[in-house]
Each structure stands twice: as structure tokens, then as C-alpha cells.
Amino acid sequence: MTTVHYQGTLSNITQRTVLIRELTACAKSMDWSALDVDDADAGLVGIILQPSNGLEPIPFLFDAEGRLHALGDLLAPGGEPIYYAAVKTHYAGTVAHQWFTRLLRHIKDTFMPGLTVTDESEYWEHQDEAKLKAYFAAPRPLGQEPPRPPHP
């Protein structure tokens, strides 16, 4: 099932507050809930968007150095840090997938120039809606999913 993986570091840690504010406004405009995170035990601050359109929760969790962390680092702090996040988009469809990649592109352009995105559908690279629709429509027998790329 189609997943988008992303990793990176804020170009300036002071931008974390601005990014969280933008993501909060985004969630409100989409009529989604959002969970603000400030967890001293995990050492993470950020936000988790909770879409109502079939997308998985979208975490933007940062440590004191501005590095992005996986949701697992919040749920089970103290282990080996996971410096990437992943969101399954397949069940939400192509429109939601395109929206999510546009959001990530905005974040890359505005807050995280080094953001790395691995999109299993390759839409991030080609931006071709017809190819994206064909990818989502292609039948995949159970157990014969396309190979997942290594985490960035």
C-alpha cells in the first residue's frame, strides 16, 4: 500500500513554532483535529495532524536540534531514535496523496530545504497525475506489493 516517507531537519529551530502554527491552521481549514505535542520525556515538540479523509495521522515531531522524528519516538521514548516519518496514503486516494505531497513540498521550500521524500508511487518525482492514478488503480494481489524503498 502506498506510503510516503520523509526525513529532514529544520533549517532554523526557531521556525518550529511557525511551522506548527501553519500546520494547526491547515488542520483547522481542513476540519481535521490536531494534537499539539510537547513531551519532555521523549524530548519532542510538534504536532500530529489527524486527517478525516483516510490518510494516516501525519506527524511533525522535532527534537531540540530540529530533527524530524517518527511517531514511534513519542509513543516509546528512550530507544534508538527514528529520524524519519511515514504516512500511508493509499486508502485516502490520489487527491489526498497529491495534497500531502504538496504540503511536504511547501515545508521543504519554506522550513526544511534538506527534506528528503521517498514516495512509493514516485509521484513526488514525476508529478504526473495520470501516472499516479494508474499506480493507485493497478491490481496488486495480496502478498505481491511492490518492493518498498529503503527508508531515507
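Nothing in this text is a laboratory measurement; each read-out follows from the coordinates by a stated rule. Predicted model only: the values in this text are computed from it and were never measured. A quick note on method: Cβ atoms are made from the backbone with ideal geometry, for glycine too, and the neighbour counts reach across all protein chains shown.
Mean-square fluctuations from a GNM of the chain, with a 10 angstrom spring cutoff on Cα atoms, peak among THR101, THR14, THR116 at THR14.
Between SER33 and ARG105, what's the calculated FRET efficiency when r is the beta-carbon distance and R0 is 35 Å? Round to 0.05. Let's see the in-between values first.
Working: r = 24 Å, r/R0 = 0.68.
Once the sixth-power term is evaluated, E becomes 0.90.
Note on the chain: percent of Cα-Cα distances in each 5 Å bin, starting at 0 and stopping at the bin with the largest distance, equals 2, 9, 19, 22, 21, 15, 8, 4, 1, 0. Extension gain, THR3 to ARG21: 0.36 nm times the residue separation minus the Cα-Cα distance gives 4.0 nm. Taking the helices alone, the chain has a mean residue ellipticity at 222 nm of -9500 deg cm²/dmol, built from -39,500 (n - 2.57) per DSSP H run of at least 4 residues and averaged over all its residues. Taking θ as phi - 60° and the Karplus parameters 6.51, -1.76 and 1.60, the scalar couplings of the range 123-135 work out to 4, 3, 7, 8, 6, 9, 4, 5, 5, 5, 4, 5, 4 Hz in sequence order, x denoting glycine and proline. Structural descriptor for the range 1-58: relative contact order 24 percent, calculated from alpha carbon pairs under 8 angstrom and at least 6 residues apart.
Ranked by the mean number of other Cβ atoms within 10 Å of their residues, highest first, the peptides 72-79, 44-51 come out as 44-51, 72-79. Rounded to the nearest 20, the Cβ-based charge dipole of the range 3-137 about its Cα centre (Lys and Arg +1, Asp and Glu -1) stands at 380 debye. Amide H to amide H distances under 5 Å link SER33 with GLN50, where only residues 5 or more positions off or on other chains count and H is placed in the peptide plane.
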